[in-house]
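Just below is one structure, and these are the notes that go with it.
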Amino acid sequence: MHRRLLLSAAMLPLLAACAELDPILVRNPANLPHPVVFFNEDSQVLDDAAKGTVREAADTARRFPDARVNVFGYAGPAGGAAFNRQLSDARAQHVASLLRQYGVASERIFVVPRGPVAFDMAPIESRRVEIRFAETPPRPPQ
């Protein structure tokens, strides 16, 4: 878990800097890597290392002011479907709140709770939130 988490946090500034040089990435933020943060079992609160990953994602989002920021929340299968739907939403909402704290405008953040995932995943893999950047739909002409 920690290796993946540290790799995500360490690589975001480098990847964002590369994106500034690559015109394809600049035009399409969906090509950016998506950071992932992991939660402890039955928890919706992140540790400091994971908060650092969210802060780096917010920095990347600010470099792409027109990009939409999708926040996908997941939970494991243990505990029942209703509980895990609520937990995946709470995790995604927590990350969205941190993104707002770190300067990402609310209207750019879209929370998508995904609920419980399959039993064949490692438990830590299911307790996660993914942050994915996407192009915003074009605005109608005014």
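The values are calculated or read from the model by the stated rules, or taken from the named source; none is laboratory data. Since we're looking at a predicted model, the values are computed, not measured. With ideal geometry, Cβ positions are generated from the backbone for all residues, glycine too; neighbour counts draw on all protein chains shown.
Looking only at residues that are in a strand (DSSP E or B), surrounded by 19 or more Cβ atoms within 10 Å (Cβ to Cβ) and charged (D, E, K, R) in the stretch 115-139, which one is modelled with the highest pLDDT? Break it down into steps so the answer makes sense when it comes.
Step one: filter the stretch 115-139 for residues in a strand (DSSP E or B), giving 115-116, 128-135.
In the following step, the residues that additionally are surrounded by 19 or more Cβ atoms within 10 Å (Cβ to Cβ) were identified as 116, 128-129, 131-133.
Pick out the ones that are also charged (D, E, K, R) and you get 128, 132.
On the way: 128: 90, 132: 93.
So the residue we want is 132.
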Review point. For residue 66, are the conditions met, namely being touching a Ser or Thr at 6+ places or on another chain (Cβ under 8 Å) and either at pLDDT below 90 or not small (Gly, Ala, Ser) (or both)?
Key: yes
Review point. So, of the residues in the stretch 76-92 that are within 14 Å of the chain's Cα centre (by Cα) and either touching a residue at least 40 places away in the same chain (Cβ under 8 Å) or surrounded by 23 or more Cβ atoms within 10 Å (Cβ to Cβ) (or both), which turns out to be nearest to residue 38 (Cα to Cα)?
Key: 91
